[in-house]
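All remarks here apply to the structure that follows.
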Amino acid sequence: MVHTDYQCPACHGALLDAGLNCSACKAAYAQVKGRPILFRADNDLFSAGDYADAKPDDAAPASRKSSLTGLSVNLSIDRMIPKLLAHLGDQPQTLLVVGGGRQRGWLDPMLKAGAAHRVIYCDVDKWADVDLFCDGHDLPFADGFADVVIQTAVLEHVLYPERVAAEFARVVRPGGFVYSELPFMQQVHEGAYDFTRYTLGGHRRLLNAFEEIETGMVAGPGTALLWAIENFALAFSGGKTARRILKGAVRILFGWIKYFDHLLANKPQAMDGASCTYFMGRRAEMRRSDADIIASYRGQKHIEHI
């Protein structure tokens, strides 16, 4: 029997249900506690053997809520997810969360998982609460498999963001949707797995296979300033205990700064210093032109080269 959800990440051949064996290239894939491990054999960073002891992290689920001791605000997701669902209509849809981490606990209720829609979570993190393990560069899904792809703060951690963005466009059906959050003014926050930052214009360009529905600020200059203060303080300490103390002190003393972002959310001059931006779009037949992306700039540093 052919597996109806997943396909071979190497050749896109059908997987046979009994053992997750590719019917085309004969590659075999393992499972851990019922969760498929779908990485190409030539993947340099991740392999099935790394996931033998995989289990969801016992830590509390990741939260979207801001607190005084948190480092960021999120001005968009509570507002944008209902807008996204409104575009889907009343029919059940398949939503794919790439880089799901530990978001299931709070994201499932927002997405009406089970009751209205089917939500699939994937990640490379073996401690994540996901349905399968895979690499965003080689998503193990058929063309047009999903009605929606959601990623929040993932694309800065991949080696080739353009390739992952192309995978989003491939697995989303024509007319389907993407919701993406991507940092701009943020320091390193995932160690060696931290590679890239994007302005809002760069965010648009990365997802130019999608027609823009709405873009804006997830977190603004206030959050960016708090990140900078914390990382300035941490630059003076290398020990884990000292770093924890410094982090706590900075967040207690300066955590209020991030709340200025609520006042700056709709100010064009604040977008140039945004900590993070969002993009919601619809899968389009024609890619958006670079000239159109440049013309849509919303900050205040207007510069003309011609």
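Give me the percent of DSSP beta bridges within region 1-129 that run antiparallel, rounded to the nearest 5.
If we restrict to bridges inside region 1-129, about 55 percent are antiparallel.
Let me have the relative contact order for region 2-51, percent, based on Cα pairs under 8 Å that are six or more residues apart.
Relative CO of region 2-51 lands at 24 percent.
Cα axis of helix 161-171 to longest principal axis of the chain: angle in degrees, 0 to 90, nearest 10?
Its long axis makes an angle of about 50 degrees.
R283: net charge of surrounding residues, Cβ under 9 Å, Lys/Arg +1, Asp/Glu -1, itself excluded?
0
To the nearest 20 debye, what is the magnitude of the charge dipole of the chain about its Cα centre, counting +1 on the Cβ of each Lys and Arg and -1 on the Cβ of each Asp and Glu?
Dipole about the Cα centre, nearest 20: 760 debye.
Once you order the gyration tensor axes a ≥ b ≥ c over the Cα atoms, which shape class does region 2-51 get: rounded for a/c under 1.5, otherwise prolate or oblate by comparing a/b with b/c?
Since a/c reaches 1.5 but b/c is at least a/b, the shape of region 2-51 is classed as oblate.
Using semi-axes √(5λ) of the Cα gyration tensor in Å as the read-out, say which of (1) 43, 21, 19; (2) 33, 25, 18; (3) 29, 23, 19 was calculated from these coordinates.
Recomputing semi-axes √(5λ) of the Cα gyration tensor in Å here picks out (2).
So how strong a dipole does region 264-306 carry about its Cα centre when Lys and Arg Cβ are +1 and Asp and Glu Cβ are -1, to the nearest 20 debye?
Roughly 200 debye, rounded to the nearest 20.
Please sort 81-88, 185-192 by packing, taking for each peptide the average over its residues of neighbouring beta carbons within 10 angstrom, highest first.
For the peptides 81-88, 185-192, the packing ranking is 81-88, 185-192.
Taking only Cα atoms, what is the 0 to 90° angle, nearest 10, from helix 221-234's long axis to the longest principal axis of the chain?
So the helix axis and the longest Cα principal axis differ by about 90 degrees.
Just going by the charge dipole of the chain, with Lys and Arg at +1 and Asp and Glu at -1 on Cβ, which of L38, G105, Y6 is farthest out on the positive end?
G105
Read-outs: derived from the displayed coordinates by stated rules, not from any lab. Bear in mind the structure is a predicted one, so any value in this text is a computation, not a measurement. Note: ideal-geometry Cβ built from the backbone for every residue, glycine included; neighbour counts use all protein chains shown.
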